[in-house]
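Report on the following structure.
Where a number appears in this text, it was derived from the coordinates with a stated rule and is not lab data. The structure displayed is predicted, hence computed values, not measured ones. Cβ sites come from the backbone with ideal geometry, for glycine too, and all protein chains shown count toward neighbours.
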Amino acid sequence: MRTTFTGIEIARRGTTAQQRSLDTVAHNVANANTPGYSRQRAVHAASNPFPMPSLAHTPGSGQVGMGVQIQEVTQMRDQFAEMRLRQEYHNLGYWQSQKDGLTQVERIFNEPSEHAVHNALDEYWNALQDLSQDPESEAERNVVVQRAQVLTGNIRHTYKRLAGLREDVNADAAVQIDAINSKAEEIANLNREIGKIASTGNNPNDLIDKRTLLLEELSEIVDIDVHVDDVNMAAVSIGGMHIVQRGDVSRLEADNSETVTEGVNGEYRRQVMRWESTGQAADISGGRLGGMLEFRDQNIEEYMSQLNTWAEDLYYSINHVHGQGEVHPDGQETSPKEFFSFIGDEDNEAARNIQVAAHIAEDVWNIRASSQPGVEGNGENALAMAELRAHGLSSLGDAEGYLLDADGERVVRDGELVQLGTEAFPVTNTDATLGERFNAIISGLGVRAQEAMKMVETEKSLVNHLQNLKESTAGVNLDEEMADMIRFQHSYNASARMMTAMDEALETIINRMGLVGR
């Protein structure tokens, strides 16, 4: 038969279970604003029942319930939403890097602006136009030189700032590697603690929340794959290689030991991301770091190359037309025919090295403004240079792209005809003017920057949606917690009242039974 104290034990289990539930509610309320916290719930289950052994016992006579117990304290989490959130975080990080980088490139070009390249080019055309009307004026010649110096100075400054941005992004990439390694160490440490607790059959809920938050932060930096094993320890991989495997970490390093020259404009020490243990290059894509590396290796190089090509076109087209003119009688007839030159004759980076030729800067009468020698007031060659403002670069050649001289004859060098777009004369064979081609660079940049901005907004919207989806399950709702608090409080009071009733029954049994009739 059941013991006299069974009712008290059932009541005790009831008060204990309700108290544990109240503690869980209190924990939820206290962490309502804790980042990454997932709501917890105490799972109630009936205790193992007690069979009633007796001579009359049959399988159908039933069992005596033994109250309630807390089976586990579990987290309310949406695993699918968490996985999708990590994916969108790395997309958001990627586009944020693209947006930030392209915004800086826009600021470097600073178009339209009175201090930028395009305005300086317009002022240079205007100065040549004025010179064509008064080629005998030393003042007009000085203005042409000054406008040309401003133009070349702006080109060099823009290019050097692009190269500086490339160096800044390159250095920042190494900082991101340090952040990845730091978070990987924290995840591995949490894995070890989680594994110890999970192996005892308990749920390390708060530690899992911390790890989940770290995984989200890591996924924003770089694209990661996460797999959780049967003891709740996470394996994290980047590009198919594990950076975290249970409690072990494979660190990344930024290697800048080699100077890069191929495929880049100029040369610099590029940070290469490698696995520290093997020296193998890491396959990094997505995330903030992936966006930075793509921006460094593709976007900046593209704009530096476009500016170099444009500076080459300016150099060769102006020099070609200028060289067909005649020096003013006050100049030196034997002076070089070029108007622009390269600093130190370094033409591999035209935008970095373009300048006004020294013989022009030192003596403005060496500007070949005339088309005929000894003819006073002839400014036809200055006008021909100014007309490049309205004529496409293809105007320098014939229908087949062969370079033409002032008389419309094909130019022959070293016994061979010269074509536009070749090594001998690398001007782009296009109907677009120099101004239009520079505008194309700026408009292309604007379109790409706008696309990055829209993608950032789109990804933010997706991240917010998934966060709300995750919070709908894992978030703490204070109204619900208050309702649970009242429910568990009443249950606790009822269990306590049951214990009092059982205590009174025992009092009757122990102290009053058998006293009747005395």
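With label points built 7 Å along Cα→Cβ from the Cα atoms of GLU451 and GLU114, find their separation and express it in nm.
In this crude label model, GLU451 to GLU114 measures out at 3.5 nm.
Kindly provide the GluC sites (Glu not before Pro) of region 216-320 that DSSP labels as loop, not H, G, I, E or B, and whose Cβ sees at most 10 other Cβ atoms within 10 Å.
Of the GluC sites (Glu not before Pro), the ones in loops of region 216-320 whose Cβ has at most 10 other Cβ atoms within 10 Å are GLU258, GLU262.
For region 423-518, what is the charge dipole size about the Cα centre, in debye to the nearest 20, if Lys and Arg each add +1 at the Cβ and Asp and Glu each add -1 at the Cβ?
Taking the Cα centre of region 423-518 as origin, the dipole is about 460 debye.
Sorting PHE50, PHE425, PHE80 on the 10 Å Cβ count, fewest up front, what's the list?
In increasing order of surrounding Cβ atoms, one gets PHE80, PHE50, PHE425.
Taking a cut-off of 19 Å, what percent of all Cα-Cα pairs in region 398-469 are separated by more than that?
So the pairs more than 19 Å apart make up 61 percent of the total in region 398-469.
What is the extension gain from ASP414 to SER277, computed as 0.36 nm multiplied by their sequence separation minus the C-alpha to C-alpha distance, in nm to one decimal?
Here the segment from ASP414 to SER277 would lengthen by 43.6 nm.
Lys/Arg Cβ at +1, Asp/Glu Cβ at -1, dipole of the chain taken about the Cα centre: which of THR473, THR6, SER237 is farthest positive-ward?
Looking along the dipole axis, the top candidate is THR6.
What does the net charge come to around THR428 if you take all other residues with beta carbon closer than 13 Å to its beta carbon, with K and R at +1 and D and E at -1?
My count for the surroundings of THR428 gives -3.
Which order do the peptides 170-178, 407-415 come out in when sorted by mean C-beta neighbours inside 10 angstrom, highest first?
170-178, 407-415
Roughly how many Å is it from the Cα centre of region 310-383 to that of region 85-104, as a whole number?
Taking the Cα centre of each part, region 310-383 and region 85-104 sit 47 Å apart.
Translational D (Stokes-Einstein, µm²/s) of region 260-338 at 25 °C and 0.890 mPa s when Rh comes from the Kirkwood sum over C-alpha pairs?
Approximately 147 µm²/s, per Stokes-Einstein.
For the pair SER472 and GLU267, what calculated FRET efficiency results from E = 1/(1 + (r/R0)^6), where r is the Cβ-Cβ distance and R0 = 30 Å, to the nearest 0.05?
The formula returns an efficiency of 0.05 here.
Can you give the extra length, in nm with one decimal, that the chain gains between ALA358 and ARG512 once fully stretched, where that is 0.36 nm per residue apart less the Cα-Cα distance?
43.1 nm
For the Cα atoms of the chain, what angle does the longest principal axis make with the long axis of helix 138-198, in degrees from 0 to 90, nearest 10?
20 degrees
Rounding to the nearest 20 debye, state how big the charge dipole of the chain is about its Cα centre with +1 on each Lys and Arg Cβ and -1 on each Asp and Glu Cβ.
In total the dipole reaches around 5060 debye.
If N is the number of residues in region 371-436, what value comes out of its Cα radius of gyration divided by 2.2 N^0.38 Å?
1.23
Would you mind computing, in nm to one decimal, how far apart the modelled labels at THR6 and PHE80 are, each placed 7 Å from Cα along Cα→Cβ?
Distance between label points: 4.6 nm.
Going by a ≥ b ≥ c, the root eigenvalues of the Cα gyration tensor, does region 327-390 fall in the rounded group (a/c under 1.5), the prolate group (a/b larger than b/c) or the oblate group?
Taking the square roots of the gyration eigenvalues as a ≥ b ≥ c, region 327-390 is oblate.
Ratio of alpha-carbon Rg to the 2.2 N^0.38 Å globular estimate for region 32-175, to two decimals, please.
For region 32-175, the normalised Cα radius of gyration comes out at 2.66.
Using only the Cα atoms of region 172-316, build the gyration tensor, take square roots of its eigenvalues as a ≥ b ≥ c, and label the shape rounded, prolate or oblate: rounded if a/c is under 1.5, else prolate if a/b is larger than b/c, else oblate.
prolate
Using 23 Å as the Cα-Cα cut-off, could you pick out the over-long pairs in LYS99/LYS183; LYS183/LYS454; LYS99/LYS160; LYS210/LYS470?
Table pairs above 23 Å Cα-Cα are LYS99/LYS183; LYS183/LYS454.
Gap in Å between the Cα centre of region 171-237 and the Cα centre of region 406-476?
39 Å
Can you report the principal axis dimensions of the chain using only the alpha carbons, biggest first, rounded to whole angstrom?
Its Cα atoms span 153, 45, 38 Å along the three principal axes.
Lys and Arg at +1, Asp and Glu at -1: add these up for the other residues within a Cβ distance under 15 Å of GLN332 and post the number.
Counting the neighbours of GLN332, the net charge comes to -3.
When Lys and Arg each count +1 and Asp and Glu each count -1, what net charge do the other residues less than 12 Å away from PHE295, Cβ to Cβ, add up to?
Every neighbour counted, the sum reads -2.
Taking a quarter of the surface of the convex hull around the Cα atoms of region 347-480, what do you get in nm²?
16.6 nm²
Starting from the Kirkwood radius over alpha-carbon pairs of region 94-183, derive D by Stokes-Einstein at 20 °C in a medium of 1.002 mPa s and give it in µm² s⁻¹.
Rounded to a whole number, D works out at 136 µm²/s.
Within 10 Å of each residue's Cβ, count the other Cβ atoms and sort TYR37, TYR492 from fewest upward.
TYR492, TYR37
Give me log10 I(q)/I(0) at q = 0.13, 0.18, 0.22 Å⁻¹ for region 132-230, Debye formula, one equal scatterer per alpha-carbon, no solvent.
The calculated log intensity ratios at q = 0.13, 0.18, 0.22 Å⁻¹ are -0.67, -0.91, -1.09.
What are the semi-axes of the equivalent ellipsoid of region 273-401, taken as the square roots of 5 times the eigenvalues of the Cα gyration tensor, listed largest first and rounded to whole Å?
Over the Cα atoms of region 273-401, the ellipsoid semi-axes are 45, 17, 10 Å.
For GLU72 and ASP168, calculate 0.36 nm times their separation in residues minus their Cα-Cα distance, and state this gained length in nm to one decimal.
29.4 nm
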